[in-house]
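In what follows, a single structure is set out as structure tokens and then discussed.
What follows draws every value from the coordinates through simple rules; no lab data is involved. The model shown is predicted, which means the values in this text are computed figures rather than measured ones. Note that we place each Cβ from the backbone using ideal geometry, even for glycine, and neighbour counts take in every protein chain shown.
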Amino acid sequence: MSGMDWATLNHDLFVHVPIAAAILLPAALMAAQRPGRGIKPWWTTCRYLAWTGVLGGGLAVASGFRAARASRLLDAGAWLLKGSFRDPSPLQVHQWAGLASLVLGALLLRSLHRKRLDHQGIGILGLLLGLLWAGATLVAGFSGIRPGQPVLPEPRASRAVPGTSGPAEPEAGAPLRALDYGSLVPLHPAPVKSAPHGNRWIRVWVSPEGEGAYREGRPLPAGAMVVMSTVEDRWGRPGYEQGPLYAMEVMPGGRPAFTFYWPRVPEARRDETQGAERVYWRGNDSQLAGCLACHGNGIAALKDRSTWGIPRRKTRPEPREAPGAGPETKVPFSPQ
């Protein structure tokens, strides 16, 4: 488990660090207002609590964004939750207050580190910024933590539509039919390497009604489905890392519909998905333009299909024995 993955799983733990600092800092700021001898230790206390709270808040905000994207509450590339500004959800308030606490925390630290004489107090500006930061931090913390409830609610994809007993669409969160490709007819006895699909090793699976047409290179009938499972290359052979799942379904009229599903994108391959850790493209998604460009008319022609199979290992030939030689052959002794 990477450090950021560990941070994501412990987001609800990290938020307690800035909350504790926000509870203690106002008392220290008020004590540091008194000018006079012996006030410098209160400066150190205020600065220590402020740095602890701001750094802890930054870690909580970063892990919160990561957790929201992992739970599909935030779309890839998005930074703010969708919703109404007039009637925001508790999670929206949680996000806005968390971001506001970072801005106020930066201003607070700058105010606390201003040059001042040894007998001067922190000042009203430091007190005001500290109270604002503490208020934003407490709002962010308590709007996200609910007793008996998880910090992150159920992802949008699995939520039910009001007035119904099930989700809005069976395949809203994952291509369920394509994931059952093992029940289709396999057209490759072993994986073959495909350069147009990222130099991955692929196997093609087709529904029974489209098997004959696929083998002969003819257009598939309406309702036929083709699924291509992939694994990443490892030193010129099929590796153990699962690649994306490609699916094509022939709609009425012969128009193909494409699906691209990659439940966990390896960090080294995220440049192919604009940095997304999980990808599910389907329908009219603009990311499927490459699939449409190559397969707009259906399956690939027979001459364009990959035939690059797994290379066989070279075996060393066994040494041959000389004719007539064997374990029982004896060489006669001849004196010189």
Are there any chymotrypsin sites (Phe, Trp or Tyr not before Pro) in segment 192-286 that are in a DSSP loop and have at most 10 other Cβ atoms within 10 Å? List them by number. TRP235
Obtain the nm distance between the two label points defined at ASP180 and LEU99 by a simple spin-label model: each point lies 7 Å from its Cα along the Cα-to-C-beta direction. 4.2 nm
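Based on the Cβ-Cβ distance from HIS295 to TYR240, what FRET efficiency comes out when R0 is 41 Å, to the nearest 0.05? Let's see the in-between values first.
On the way: r = 28 Å, r/R0 = 0.68.
The computed FRET efficiency comes out at 0.90.
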In segment 176-304, if the dipole is taken from +1 on Lys/Arg beta carbons and -1 on Asp/Glu beta carbons about the Cα centre, which of PRO252, VAL185, GLY283 is farthest to the positive end? VAL185
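If R₀ is 30 angstrom, what is the calculated FRET efficiency for the pair HIS16 and THR44, using the beta carbon separation as r and rounding to 0.05? Could you put the intermediate results ahead of the total?
Details: r = 23 Å, r/R0 = 0.77.
The value I calculate is 0.85.
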To the nearest 0.05, how large is the calculated FRET efficiency for LEU107 and ILE23 if R₀ is 22 Å and r is the Cβ-Cβ distance? 0.65
